[in-house]
Amino acid sequence: MSVKEKIKDIRTNYTKDALEESDVPKTPFPLFEEWLADAIKNAKEPNAMIVSSNGIDGFPSSRVVLLRGFSKDGFIFYTNYNSQKGKEFAKDAKVSCLFFWPELERQVRIQGVISKTSEKVSDEYFASRPRESQLGAWASNQSQTLEEREVLEKKLETLRLQYDGKDVPRPPHWGGYIINPNKIEFWQGRASRLHDRMVMTETELGVWDLKRLYP
């Protein structure tokens, strides 16, 4: 049987859990923290999230990044500001992100507005990174054309020598972003594709409105 034939018959019946209105608090953040804690125990990359933006060419643009912090103010990750996504965020701050934890049969969809974190927040996180990752942030012209990998490896070796015995400073073109959410949907897989979907939308008064959606 070919791959094209096989994919038609791949099905998963979700039976692990349910999500009721009574399970959802007045704001989405406690439930997100609870679900993330479950994911940390059970998922391979619990903090991986797909961030989607409006591309410069008008096409949607998506990539996987790693969540590095969250609070009621938003969801934080770090990257190169000169990358394709950085340019897209500067053009249009409206973004969405998605967590998918198949081990738990759960998804969380987040919609919001993105902005840069403070330099202090970026500096503190950069200082906590492994040294090779710090050097890599200087070596990589992220999203630009690389003629061959050897060029990148030579740049990295030059940087190792340059900062030998020294702290590696944070590049000015590298730092944090925070997504301030205005809508969050919690999705729990259920049997027969009749999933539980709870969406919370922030009102102008700062109150989170809860609705159940058809699956």
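How big is the charge dipole of the chain about its Cα centre, in debye rounded to the nearest 20, if each Lys and Arg gets +1 on its Cβ and each Asp and Glu gets -1 on its Cβ?
That gives the chain a dipole magnitude of about 360 debye.
With distances taken between every two different alpha-carbon atoms, the range 33-103 has a Kirkwood hydrodynamic radius of 13.2 Å. Over the range 144-215, the fraction of Cα-Cα pairs per 10 Å bin, rounded to whole percents and listed from the shortest bin up, is 14, 22, 17, 12, 23, 13.
Shape index of the range 67-174: Rg/Rh, with Rg the Cα radius of gyration and Rh the Kirkwood radius from the inverse mean 1/r over Cα pairs, equals 1.02. Among THR27, THR79, THR145, sorting on how many other beta-carbon atoms sit within 10 Å of each Cβ, with the fewest leading, yields THR145, THR27, THR79. Over all pairs of distinct alpha carbons, what does the Kirkwood formula give as the hydrodynamic radius of the chain, in Å? With all distinct Cα pairs of the chain included, I get 19.6 Å.
Counting only the Cα atoms, the range 62-121 fills a convex hull of 101 Å³ per residue. Counting other Cβ atoms within 10 Å as a rough exposure proxy, the listed residues ILE40, ILE114 run ILE40, ILE114 from fewest neighbours to most.
Take the Cα of LYS44, step 7 Å toward its Cβ, do the same at GLU150, and the gap between the two points is 3.3 nm.
Think of the chain as a dipole: +1 on every Lys or Arg Cβ, -1 on every Asp or Glu Cβ, centred on the Cα centre; then among VAL168, SER53, SER128, SER53 lies furthest on the positive end. Pairs from the list LYS87/LYS116; LYS44/LYS72; LYS26/LYS72; LYS94/LYS183; LYS16/LYS72 with a Cα-Cα gap above 18 Å: LYS44/LYS72; LYS16/LYS72. A protection proxy built from the mean count of other Cβ atoms within 10 Å ranks the segments 137-143, 202-208, most packed first, as 137-143, 202-208.
Computed from the coordinates by the stated procedures, all read-outs in this text should not be read as laboratory data. Computed from a predicted structure; not experimentally measured. Cβ sites come from the backbone with ideal geometry, for glycine too, and all protein chains shown count toward neighbours.
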